[in-house]
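Okay, so here's the structure we're looking at.
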Amino acid sequence: MSTNVAPDTAKLQLVNSSQVNISDITAVVNQILKGSNSSAILSKTHQTFATSEVNINNCFQTFHKLSALVTHLNYQQEAITKSIKQTDEVIGQIAGIKVLCSKLTPN
């Protein structure tokens, strides 16, 4: 009977050893999957960062274009204001000429 006990003990040890090995393999696979997932997350973060950098650069360029437009519009506003003042002066001069012409022409 002692011969039957030894093979049973060996079988139990083999089963226990196999369970430990399966558990270890599962832990390794889980760790690999976590590492793989971390790599994917880092890759996605890198892509998002690169996209954000491009967007920031585009915003910066747009800001400079808008700043140039504001400057140009200010020049146009100054030119329009100057033209309006000159128009008022010309209207005044025309009114003066009309008055002189009315005095010179007999009615």
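Okay, here's what the table says:
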| quantity | calculated |
| --- | --- |
| Lys, Arg +1 and Asp, Glu -1 on Cβ, resulting dipole of the chain about Cα centre, debye, nearest 20 | 520 |
| Dipole-positive endmost among GLY35, PRO106, ALA95 within the chain (Cβ charges, Cα centre) | PRO106 |
| Computed over the stretch 51-107, Kirkwood Rh from alpha-carbon pairs, angstrom | 15.5 |
| 23 Å Cα-Cα reach of LYS44 towards lysines, excluding residues that sit fewer than 8 places from it in its own chain | LYS34 |
| Point-to-point label distance, VAL29-CYS101, nm (Cα→Cβ direction, 7 Å offset) | 10.4 |
| Which of SER23, PHE60, TYR75, positive extreme of dipole for the chain (C-beta unit charges) | TYR75 |
| 25 °C / 0.890 mPa s Stokes-Einstein diffusion coefficient of the chain, Kirkwood radius on C-alpha pairs, µm²/s | 103 |
| Principal-axis tilt of helix 2-104 within the chain, Cα atoms, nearest 10 degrees | 0 |
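Every number here is computed from the coordinates shown, using simple stated rules; none is lab data. As the structure is a computational prediction, the values presented were derived from the model and not from experiment. No Cβ is skipped: glycine too gets one built from the backbone with ideal geometry, and neighbour counts run over all protein chains shown.
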